[in-house]
Every structure is written in structure tokens, then in C-alpha cells.
Amino acid sequence: MKKQGKSSSYLGDVFRRFKAHKLAMVGLCVIILEVLLVFLLPMIFDIDPYTSDINAFGAAPSAEHILGTDDIGRDIFARLIYGGQVSLFVGLVSTLISVAIGVPLGVIAGYYGGTFETIVMRSADVFMSFPSIILILVLVSVVGPSIFTVTLVIGIMGWTQFARLIYGNVLSVREKDYVESARAIGEKNFRIITKYILPNTFAPVLIALTFSTANAIIMESSLSFLGMGVQPPQASWGNILYDAQSITVLSQKPWLWVPPGIALVLTVLSINFFGDGVRDALDTKMKI
Amino acid sequence: MANTLLEVNNLQVQFSTIDSTVTAVDGVSFSVNKGETLGVVGESGCGKSVTSMAILRLLGKTGKITQGEILFEGQDILKKSESDMCQIRGKEIAMIFQDSMTGLNPVMTIGKQLIGTITVHEKMNKKTAEKKAIDMLKKVGIPSPEQRMNEYPHQLSGGMRQRVMIAMALSCNPSLLIADEPTTALDVTIQAQIIELMKDLKKTSEAAIIIITHDLGVVAEMADRIMVMYSGQVVEYADARSIFINPLHPYTRGLLSSIPRLDKDVDVLYAIKGSVPSLQNVPKGCRFCERCQDAMEICKNKPPVLCTVGDCSVRCWKYTK
């Protein structure tokens with residue numbers, strides 16, 4: 001049996017393993033940098049994503065506009081920054097909505113079973129058998145597109161993966177000996193769920209959380225690209241790309257679509273690397 | 001008897017599967033007096049653990065108590081509500097599980113688990129509970145308990161974990177302690193330590209103990225009375241002394257002769273031939289008859305009943321008058 005000093009608390013181990021994961025560290029740095037850039041920069045500098053510069057319509061990158069301007073003279077860099085706010089907001093908040101719906105449903109379905117289990121898991125199946133992008137498009141067009149509808153709809157559509165994930169985990173954890181001994185001690189169901197079941201199913205949820213955030217960011221961009229997401233003049237990475245659909249823009253004005261594309265790829269990739277790192281760090285079977 | 005703590009009468013437990021119903025415990029009766037230690041002995045799958053889980057009413061969804069009564073301090077446990085049961089579990093009847101490796105919550109420190117157990121049943125502030133937890137760890141012989149309180153189960157060895165589990169079980173001063181094969185998952189030196197510990201606890205606490213095991217050596221040192229189970233039934237129920245000096249049932253004798261002995265030179269260790277009959281396909285006559293050396297004609301056709309021989313009860317045609 002291993003016996004280590006005080007330094008090897010559980011969290012200490014997790015951090016140590018996470019730090020050993022190079023790509024995850026890079027991912028984390030990129031995410032932190034991006035968050036700082038996107039949220040702090042507009043506070044420090046006067047960046048304006050809405051006003052047109054009448055001297056520069058569709059201008060190439062220059063000292064004045066470091067990433068150039070779009071066809072109506074708005075600064076691409078400024079729009080990129082504000083679009084980043086939207087992407088990160090939608091990504092995080094919609095994932096939290098999915099967790100808030102999916103985790104309780106999954107836990108209760110897994111722990112108690114019975115009719116509730118059938119109802120929850122079968123409706124999850126029904127939800128998952130719809131092509132979600134089409135359903136989201138319909139919902140958004142009924143409610144009307146805006147950041148909040150998009151966030152809400154992506155969040156609501158995402159509950160199934162959390163419910164199924166946690167349901168499966170609860171099924172296995174609930175049969176563990178320590179749950180049995182908790183019962184033999186006289187613990188009530190609520191305490192068994194909060195103290196024994198949830199902490200032991202926490203790791204996979206945390207991992208799924210990162211991947212789901214990345215997915216939500218892509219989903220928001222896709223919706224905005226289709227014109228069903230964030231509405232102009234408000235910027236989002238998706239609708240910057242939407243504005244760059246014509247052949248002339250694609251072939252002759254790469255500054256209109258390359259930066260948001262790179263931002264999108266970089267963000268999603270970083271979050272996924274981060275998620276990989278979290279998974280390896282939380283996996284107690286892997287000792288580095 | 002006013003002294004009786006637990007009385008089990010004609011207990012029957014059935015498990016239903018999709019295509020059949022299996023009777024895991026069939027007409028088991030026994031009683032435990034205050035402060036007494038009862039040893040329950042038998043091979044795997046003969047209903048020992050199921051009996052103990054039935055006492056705590058923790059049989060899960062598939063298991064059902066179909067007959068009988070379990071009287072704890074004169075009250076029928078089977079008639080209690082689930083929330084009353086939560087009060088009894090841990091506080092009145094505590095249990096030590098077989099596998100110390102998986103019996104502790106891996107994401108909680110030892111200290112938190114112990115404090116949690118104490119505060120489930122007793123209202124006290126965190127300081128007092130913590131002090132009590134450290135006391136309990138000391139009592140079960142864990143060195144530097146203050147430091148162990150902050151450690152996670154994976155940082156402890158198997159024997160230490162079993163000690164922690166025993167500490168948890170004892171933390172609310174239960175009047176009955178059920179130990180379900182407390183030493184099976186441990187290696188021999190640790191087994192001896194745990195048995196020593198249990199013996200000490202028997203002396204110091206007033207709790208009655210039911211110790212479940214397949215190892216007659218374990219109960220020999222501790223039990224006052226021994227109940228031998230086979231295929232869900234009691235086959236012999238007697239004083240610990242008389243079981244070792246004068247075992248009646250052929251199965252008990254088989255179990256006793258299959259213990260390795262140092263004082264005799266034996267080349268081949270005795271083993272009871274065959275295995276426990278499947279509960280889905282219980283023999284018509286005596287359940288042990290196919291493995292019994294002394295089987296008679298009647299054994300194949302008619303199940304024997306429990307009969308009294310002196311102070312013992314035994315389920316065998318040999319002793320039926």
C-alpha cells in the first residue's frame with residue numbers, strides 16, 4: 001500500500017497529474033488568455049464593434065484596424081472580441097442549464113428506478129432521436145432568435161447526455177459496498193445521494209462539462225452562421241462568418257473569415273484538450 | 001426470557017428472478033441474548049449473509065421476507081416503517097461488512113465518514129463528534145488517529161480499513177453487532193489481529209455479536225453458541241463447546257475435519273465432496289444427503305426436521321427417534 005506524506009491529498013494529486021498533461025496546460029493557458037482578452041480588453045480600451053469607419057469599407061489589415069474592416073466598415077478585431085464574449089457565455093451557460101436539468105433527473109432515475117426511470121430515460125431516447133439542429137432551428141424560429149433563446153434552447157437540448165451519463169454511473173455506484181454500508185449505518189436516501197452517490201459520479205460529469213461547452217460553442221456558431229442565432233448588429237463568431245459567405249470575400253478578403261475561424265477552432269480545441277487533461281487527472285487508476 | 005435481545009422465528013427469505021423464485025433462507029429460527037456471541041457457520045451460498053441482511057431489512061428489491069418474524073427487543077422489525085428502520089440501523093444494530101476494500105466511500109476522508117456516522121444518530125457539535133471519532137479509532141487500535149482522520153481510504157491498508165469499518169459500526173454503541181465475514185478479505189496475520197480486536201471488544205462493550213463466517217477457527221475463539229447452516233436451513237444449533245467436542249450433524253463433522261491440524265500428520269486434507277445444491281433445484285429429501293457419508297434410504301425421500309438432542313438441535317434422520 002502506498003503511503004505518502006501530507007502533500008498527497010486527493011486534490012493535490014489531481015493538480016499534479018493535470019500539470020503533467022502538456023496539451024491540457026496549453027489548452028488551459030489559451031482559455032485563460034482568451035477570457036482575459038475577451039472580457040478585460042473592452043474595459044481597458046475603447047473598442048467599438050458597431051460604428052462604421054466611413055474611410056475604410058472592407059479594408060485590409062492596417063495599423064488602424066489590425067484585422068481590417070468588414071464591408072460596412074466595422075472593425076473586425078472589435079467584433080471578434082465581442083463575438084468571443086457571446087461564444088463563451090453561450091457555451092458555459094447553456095452547459096450549466098443542461099447539467100441543472102440532466103443531473104437531477106439522471107440521479108433520481110438511476111437511484112430510485114421504477115416508473116420515473118422509465119419516463120426520464122425514454123424521453124431522453126426520444127430527445128436524442130431528433131436531429132437536434134433541426135429541432136433547435138424550429139424552436140428558435142418560433143421563439144425568435146436572440147442570445148438568450150439560443151442559450152436556453154441549446155441548454156435544454158443538451159440535458160440528455162448528462163442524464164444518461166449520470167444515470168449509468170449511478171446504476172453502478174448504487175450497488176457499491178459503501179452505499180450498502182451507508183444504509184446499514186442508517187443513512188437516509190437523501191444523504192446517501194448527496195454524500196455517497198454524487199461525489200462518486202462527479203468526475204465524468206466534470207469531463208462531459210468541458211466537451212459539452214465546446215459543443216455548445218460550435219452549435220451557437222452554426223446557428224448564427226445559419227442566421228438563426230445571435231442577430232446583427234450584435235457580433236458573434238458565427239455571424240461574422242455568415243457575413244463572409246460570398247465568393248469574392250472568400251477568395252479576396254481572408255481577414256473577414258480567417259480570424260473568427262481560427263478563434264473558433266482554437267477555443268474548441270483548447271477546451272477539448274483541457275477536458276482530456278481533467279479526465280486523466282481525475283482518473284485515480286492512472287498514477288503519474 | 002427477558003434477557004433475549006434478538007429472536008428470529010421461522011424466517012423465510014425468497015428471491016424472485018424473472019423465471020423462478022428461490023428460497024434462500026428457509027425456516028430459520030434462533031435467538032441472541034444480550035452480550036452473547038452467536039457464530040453462524042456454513043459454506044458460501046447457504047444463506048448466512050441473507051439472514052443477516054434480513055435482520056437489517058436490507059435485502060434490496062428482489063429479496064423478500066415471506067414468512068416468520070424478527071423480534072428485536074421484543075418488537076417485530078418486519079412491522080416497522082422504513083424511517084424507523086433508519087433509526088435502528090447503525091444505532092441499535094450495526095453491521096461490519098466482508099470487504100473492507102470497497103466498504104468505505106473512496107471520496108471522503110476517514111474522519112468525515114466517522115463523524116458522519118456518529119452524527120446520523122446523535123446530535124452533537126462537530127468538535128465533540130470529532131473527538132469521539134478519534135477515540136473510536138484509538139479503541140480499534142489505529143496508530144496516530146489524528147493524522148488518519150484526514151486520510152482517504154486508499155491511503156490505508158486492508159487491515160486498517162477493516163478497523164475503521166469496525167470503528168464506524170461501534171461508534172453509536174449498538175446493542176447488536178453483525179459481523180459478516182469480517183476477516184475473509186484479509187491476510188492471515190491481519191485476520192489474527194482483527195479477531196483479537198473483536199475479542200477485546202466483546203469483553204469491553206456490552207454488545208451482542210453475530211459473527212458470520214465459513215471459518216470454524218474464527219468462531220471457536222469467540223462464539224458462545226454456534227449455528228451451522230446448510231442450503232438455507234439450520235442443520236445444527238448448539239453450544240460452541242459441544243459443537244467442537246461432539247458434533248452431531250455429518251455436515252458439521254465434515255466442516256470440522258476440513259480444518260488443517262498441526263497436531264496430526266495428515267497427507268491429504270479432508271474435503272466434503274460435492275457442493276451445495278442449487279437453490280433452484282432443492283433435493284426432495286435431506287439437502288445434504290448427496291454429500292453425506294452416513295446417508296440412509298430415508299434421507300433421499302423425506303426431509304428431516306430439527307430435533308433436540310440434549311442441549312443441541314440437529315436436522316438429521318440419525319437422531320430422529
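The values are calculated or read from the model by the stated rules, or taken from the named source; none is laboratory data. As the structure is a computational prediction, the values presented were derived from the model and not from experiment. Every residue, glycine among them, receives a Cβ derived from its backbone with ideal geometry; neighbour counts consider all protein chains shown. These accessible areas exclude ligands, DNA and RNA; they are computed on the full protein's heavy atoms, side chains included. Shrake-Rupley method; radii C 1.70, N 1.55, O 1.52, S 1.80 Å.
Quick look at the numbers
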read-out	value
Enumeration of residues in region B:293-309 that are more than 15 Å from B:V228 (Cα to Cα) and either open to solvent by less than 30 Å² (accessible area, probe 1.4 Å) or at pLDDT below 80 (or both)	B:C299, B:P304
Members of region A:59-73 that are surrounded by 16 or more Cβ atoms within 10 Å (Cβ to Cβ) and either under 18 Å from the mean Cα position of the chain (by Cα) or free of Cβ contacts under 8 Å to residues at least 60 places away in the same chain (or both)	A:A59, A:H65, A:T69, A:G73
Filtered residues of region B:289-315 (kept if touching a helix residue (DSSP H, G or I) at 6+ places or on another chain (Cβ under 7 Å) and touching a residue at least 12 places away in the same chain (Cβ under 8 Å))	B:C292, B:Q293, B:D294, B:M296, B:I298, B:C299, B:K300, B:P304, B:C307, B:V309, B:D311, B:C312
Failed item in (1) open to solvent by 20 Å² or more (accessible area, probe 1.4 Å); (2) without any contact (Cβ under 8 Å) to a residue 40 or more places away in the chain; (3) more than 20 Å from the chain's Cα centre (by Cα), with A:W255 passing the rest	(2)
Per-region count, region B:149-198, residues more than 27 Å from B:L58 (Cα to Cα) and more than 11 Å from chain A (Cβ to nearest Cβ)	8
Selection within region B:131-145 - acidic (D, E) and modelled with pLDDT of 90 or more	none
Residues located in region B:70-90, provided they are facing another protein chain (nearest Cβ under 10 Å) and surrounded by 15 or more Cβ atoms within 10 Å (Cβ to Cβ)	B:M85, B:C86, B:I88, B:R89, B:G90
Yes/no for A:L198 being in a helix (DSSP H, G or I), at the interface with another protein chain (Cβ under 10 Å from one of its Cβ atoms) and modelled with pLDDT of 85 or more	yes
Hey, B:I211 assigned by the TED database to the domain that holds B:V40, closer than 17 Å to B:G45 by Cα and in contact with a strand residue (DSSP E or B) (Cβ under 6 Å, 6 or more places away or on another chain) or not	yes
Residues of region A:126-140 satisfying the condition of being open to solvent by less than 70 Å² (accessible area, probe 1.4 Å) and of a type in the set (V, I, T)	A:I133, A:I136, A:V140
Lone unmet requirement of (1) within 14 Å of another protein chain (Cβ to nearest Cβ); (2) open to solvent by 10 Å² or more (accessible area, probe 1.4 Å) for B:I134	(1)
Residues of region B:35-69 classified as open to solvent by less than 30 Å² (accessible area, probe 1.4 Å), outside any helix (DSSP H, G or I) and away from chain A (no Cβ under 14 Å), total	9
Subset of region A:76-111 [modelled with pLDDT of 90 or more, farther than 19 Å from A:S222 by Cα and open to solvent by 20 Å² or more (accessible area, probe 1.4 Å)]	A:L96, A:I97, A:V99, A:A100, A:I101, A:V103, A:P104, A:L105, A:I108
Tally, over region B:91-105, of residues that are at pLDDT 85 or above, within 8 Å of chain A (Cβ to nearest Cβ) and open to solvent by 10 Å² or more (accessible area, probe 1.4 Å)	2
So A:I218, is it at pLDDT 85 or above, part of a helix (DSSP H, G or I) and under 25 Å from B:R161 (Cβ atoms)	no
Test: residue in region B:170-186 that is of a type in the set (D, E) and either more than 25 Å from the chain's Cα centre (by Cα) or surrounded by fewer than 18 Cβ atoms within 10 Å (Cβ to Cβ) (or both)	no
Unique residue being farther than 27 Å from B:G254 by Cα and in contact with a Ser or Thr (Cβ under 7 Å, 6 or more places away or on another chain) when the list is B:Q14, B:Q67	B:Q14
Subset tally (residues that are surrounded by 15 or more Cβ atoms within 10 Å (Cβ to Cβ), under 19 Å from A:F211 (Cα atoms) and of a type in the set (D, E, K, R)) for region A:10-58	1
The listed residue being part of a loop (DSSP other than H, G, I, E, B), in contact (Cβ under 8 Å) with a residue 12 or more places away in the chain, among the small types (G, A, S) and not assigned by the TED database to the domain that holds B:A169, out of B:G254, B:G274, B:G217	B:G274
